[in-house]
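To start, the structure itself, in structure tokens.
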Amino acid sequence: MTIVNLSLWSVLFVAWIPYTIAVGSADPVSVQVRTILVVTILLMMLLGIVRLRRRRPVLG
């Protein structure tokens, strides 16, 4: 599921770059997409941290 999620967000990012160049970064759609991408990056980093912590032994 993580691979599917990353690939979908990558497609969104790649499509967002030319749109932002054409319309500008102050466009409301561009701002919303940027917010979605930032929140997603933060959540994916948090997920990665949680997954790494699960692999370590608790008393180890």
So how tilted is helix 28-55 from the main axis of the chain? Cα-based, degrees 0 to 90, rounded to 10. 10
Using only helices, what value at 222 nm comes out for the chain when you add -39,500 (n - 2.57) per DSSP H run of length 4 or more and divide by the total residues, to the nearest 500 deg cm²/dmol? -29500 deg cm²/dmol
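Once the piece of chain linking ALA26 and ILE3 is laid out straight, how much longer is it, given 0.36 nm per residue of separation minus the C-alpha distance between them?
Roughly 5.2 nm would be gained on extension.
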Rg [Å, one decimal], Dmax [Å, integer] - the chain, C-alpha atoms: 15.8, 54
Between 0 and 90°, nearest 10: helix 2-23 axis offset from the chain longest Cα axis: 20
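No lab work stands behind these numbers, since they all come straight from the coordinates. No experiment lies behind these values; they were computed from the predicted model shown.
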